[in-house]
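Chemist: My structure is below; once you've seen it, I'll send some questions.
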Amino acid sequence: RVLMNPPGARCHHLYASTPGKVAPARAVFARHYDLRVIDLHAHSTASDGTEPPAQVVACAVEAGLTTLALTDHDTTLGWDEATAAARRHGIRLVPGIEVSCSRRHQSIHLLAYLPDPTHPDLVAELERALHSRDTRLDAMVAKMAADGIPVTIEEVRAQVEPGATPGRPHIADALVASGVIGHRDEAFARWLGGRSPYYVEHYAPDPVRAVEIVRAAGGVPVIAHPRSVNRGRVVSDELIEEMAAAGLVGIEVDHRDHPADAVAHLADLARVLGLVATGSSDYHGTGKLNRIGERTTSPAALEVIEALGTGT
Ligand code: AMP
Ligand code: FE
Ligand code: FE
Ligand code: ZN
């Protein structure tokens, strides 16, 4: 396997260097032996991914995936386009949302698969988060500009697709577009991190309430990357237990931000709590190094998720 993407590669995935050879062979093999290849966490331009939903699906196909979940932050905006693209390509698209949650200033991400996108409580929470993210974008950019960082709110807004969920990555994208920095990462390291003086929080529901709302909407809640080492504090086992008591269905165990010992620990925790273990890429196009399909979920875990998901 060649893991690097060649310069100018259209897609940012595992098999980008040999798209014409390896991936189709892998897909034929997979179909023949019913070896489904499942990635349940990916972002598009509906939030902070860099590719439109249909292109994310095309990349998944090229990487040899048979099932992809689109899980943009706090929105269902990309669902229709992704579903139509998946139908054209003959792969399964699981509609999802990565719900931003927060407790005592800690940010927690909750994946929600197959919820009813019209459920009033869910819609209300997503709208509230979106509105707060908007205000917060203004506040962060104002602080940065006041301190002499060359960025304007107009430049940042130009990076956000109409109706999409705005976030810190779009501030980074504006700085990349105007040549101030070379990549999103740089903006996060210098200005956008959780401990930066420019950081401003946005409204997000408590994770236990979010689990309850997702279940009420017929969705399947799975906690995203709880042991990510890149996001400040990790999520405590106690909070995961509390969420499990409220109806959490799974833990995203396999994720590139999890060190090997964390993967082992979370796999144990999932077993003890009777939760499903998933693995996924958290693909963001060229916005992050994560390659689509770099981590995967077992068909058995997907079956549990699809059996419990009644919202869509
Ligand atoms: P926000 O939801 O607006 O607070 O922004 C958080 C998002 O920023 C996460 O979902 C990540 O996709 C993205 N992010 C965090 N750190 C980095 C980084 N170092 N490089 C690129 N993207 C990042
Ligand atoms: Fe993101
Ligand atoms: Fe996340
Ligand atoms: Zn994500």
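Chemist: Scan region 74-92 for residues that are away from ligand 4 (no atom under 16 Å from the Cβ) and out of contact with any strand residue (DSSP E or B) (no Cβ under 6 Å at 6 or more places or on another chain) and jot them down. Quick ask: steps written out before the conclusion?
Modeler: The initial filter retains those residues of region 74-92 that are away from ligand 4 (no atom under 16 Å from the Cβ), namely 80-81, 83-92.
Listed by number, the residues that qualify are D80, E81, A84, A85, R87, R88, H89, G90, I91.
Chemist: Continuing with the same structure: Can you find a residue that is at pLDDT below 95 and on the phi > 0 side of the Ramachandran plot anywhere in region 105-116?
Modeler: Yes: one or more hits.
Chemist: Let me ask something additional. For region 92-127, give me the residue count where each residue is under 19 Å from the mean Cα position of the chain (by Cα) and more than 16 Å from ligand 3 (Cβ to nearest atom).
Modeler: To start, the set of residues in region 92-127 that are under 19 Å from the mean Cα position of the chain (by Cα) comprises 92-102, 106-117, 122-123, 125-127.
Narrowing further to those that are more than 16 Å from ligand 3 (Cβ to nearest atom): 92-95, 114-117, 122-123, 125, 127.
Residues meeting the conditions: 12.
Chemist: Follow-up question, since we're still on this one. When only residues in region 173-206 that are within 16 Å of ligand 2 (Cβ to nearest atom) and in contact with a Lys or Arg (Cβ under 6 Å, 6 or more places away or on another chain) count, which is most open to solvent (accessible area, probe 1.4 Å)?
Modeler: Restricting to residues being within 16 Å of ligand 2 (Cβ to nearest atom) and in contact with a Lys or Arg (Cβ under 6 Å, 6 or more places away or on another chain), the top hit is H202.
Chemist: Within region 258-302, how many residues are open to solvent by 20 Å² or more (accessible area, probe 1.4 Å) and over 23 Å from A210 (Cα atoms)?
Modeler: Summing the residues that are open to solvent by 20 Å² or more (accessible area, probe 1.4 Å) and over 23 Å from A210 (Cα atoms) in region 258-302 gives 17.
Chemist: For region 89-118, how many residues meet the condition of being open to solvent by 30 Å² or more (accessible area, probe 1.4 Å) and within 15 Å of L77 (Cα to Cα)?
Modeler: Of the residues in that region, 3 qualify.
Chemist: Mind checking which helices (runs of 4 or more DSSP H) fall wholly inside region 206-295 and carry at least 2 residues that are closer than 29 Å to V123 by Cα and basic (K, R)? Spell out the reasoning first.
Modeler: Working: elements: 207-216, 237-245, 260-273.
Filter on region 206-295 gives 207-216.
Chemist: Just wondering, is there one or more residues in region 126-149 that are in a loop (DSSP other than H, G, I, E, B), closer than 16 Å to Y199 by Cα and open to solvent by 70 Å² or more (accessible area, probe 1.4 Å)?
Modeler: First, pick out the residues of region 126-149 that are in a loop (DSSP other than H, G, I, E, B): 147-149.
Keeping just the survivors that are closer than 16 Å to Y199 by Cα gives 147-149.
Imposing the further condition that a residue be open to solvent by 70 Å² or more (accessible area, probe 1.4 Å) reduces the set to 147.
Yes, region 126-149 has at least one match.
Chemist: Hey, could you check region 84-116 for residues that are part of a loop (DSSP other than H, G, I, E, B) and in contact with a Leu (Cβ under 9 Å, 6 or more places away or on another chain) and say which is nearest to V56 (Cα to Cα)?
Modeler: Restricting to residues being part of a loop (DSSP other than H, G, I, E, B) and in contact with a Leu (Cβ under 9 Å, 6 or more places away or on another chain), the top hit is I91.
Chemist: In this structure, is H170 within 27 Å of R233 (Cα to Cα) and either open to solvent by 20 Å² or more (accessible area, probe 1.4 Å) or among the acidic types (D, E) (or both)? Show your work before the answer.
Modeler: On the way: within 27 Å of R233 (Cα to Cα): yes; either open to solvent by 20 Å² or more (accessible area, probe 1.4 Å) or among the acidic types (D, E) (or both): no.
Against the criterion (within 27 Å of R233 (Cα to Cα) and either open to solvent by 20 Å² or more (accessible area, probe 1.4 Å) or among the acidic types (D, E) (or both)), H170 does not qualify.
The values are calculated or read from the model by the stated rules, or taken from the named source; none is laboratory data. The model shown is predicted, which means the values in this text are computed figures rather than measured ones. Neighbour counts run over all protein chains shown; Cβ positions are idealised from the backbone, glycine included. What goes into the accessible areas is simple: the full protein's heavy atoms, side chains included, and nothing from ligands, DNA or RNA. Shrake-Rupley method; radii C 1.70, N 1.55, O 1.52, S 1.80 Å.
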